[in-house]
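First up is the structure itself, then whatever we jot down about it.
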Amino acid sequence: MIMIRISPHTYPIQQSQRGSALVISLILLTIITILSVSAMRSTNLDTKIAVNHQLKELSYRAAENAFAQLIANPLTAVRPETIGPENAVANPDFYQSLGVVHQPDISADITMELIEVAPPGKYKFNGHSLNRTSIKYQADSVGRVLGSNTRTTNRMELVWIRN
């Protein structure tokens, strides 16, 4: 059998490894991970805020469109003689917008309530007093986005002039 002797100076042994590069890289990796998670949470929150704002805007538009439809043709919501001092007339789904591409369906309800029947000459219209009976109503419109809990309530007063 042949023996080969290896000299200790042929392969130097490192004597001072302490693992400092590993510790520093783990600290940097932890910092980068925390920053990434924080950025993702911030992005998700911003997206939720934008979606909620869009839904609120859509419900507001539904309520305003119901008022526009009411002003264009007020007798579709109520006949003036059907509302008494103690009751209000509700019109569910008075306005609907269905089937718009990339937008949820919206609708609005209108509720009309009698405020007063004014004698001739009480109100002025465009600065002129009219010798006609005026009927003042309060109209409430509740716009909503179907498929969400978003609601917007708008209120306005209307005056019908009767002969």
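Measuring r between the beta carbons of LEU146 and LEU35 and using R0 = 41 Å, the FRET efficiency lands at 0.55.
Scattering from the C-alpha atoms of segment 37-76 alone, worked out with Debye: what is log10 I(q)/I(0) at q = 0.15, 0.20, 0.30, 0.31 1/Å? Per q value, in the given order, log10 I(q)/I(0) is -0.51, -0.65, -0.88, -0.90. For segment 22-162, a simple Cβ point-charge model (Lys and Arg +1, Asp and Glu -1, everything else neutral) yields a dipole of about 280 debye relative to the Cα centre.
Measuring r between the beta carbons of ASN126 and ASP93 and using R0 = 45 Å, the FRET efficiency lands at 0.85.
Per-peptide packing, taken as the mean over residues of other Cβ atoms within 10 Å, places 153-159, 111-117, 45-51 in the sequence 111-117, 153-159, 45-51 from highest down. Size descriptors for segment 22-162 (Cα atoms only): Rg and Dmax, in that order, 25.0, 93 Å.
Charge tally around ALA66: other residues with Cβ under 11 Å, Lys/Arg +1 each, Asp/Glu -1 each, net -2. Computed extension length for VAL101-THR153: 16.2 nm, one decimal, from 0.36 nm per residue of separation with the Cα-Cα distance subtracted. Please name whichever of ASN52, TRP160, ILE27 sits farthest to the positive end of the charge dipole of segment 22-162, dipole taken about the Cα centre and charges placed at Cβ: Lys and Arg +1, Asp and Glu -1. Toward the positive end, the furthest listed residue is TRP160.
No value in this document is a laboratory result; all are computed from the given coordinates. Just so it is clear, the structure is predicted and the values come from calculations on it, not from any experiment. We place every Cβ from the backbone using ideal geometry, glycine too, and count neighbours over all the protein chains shown.
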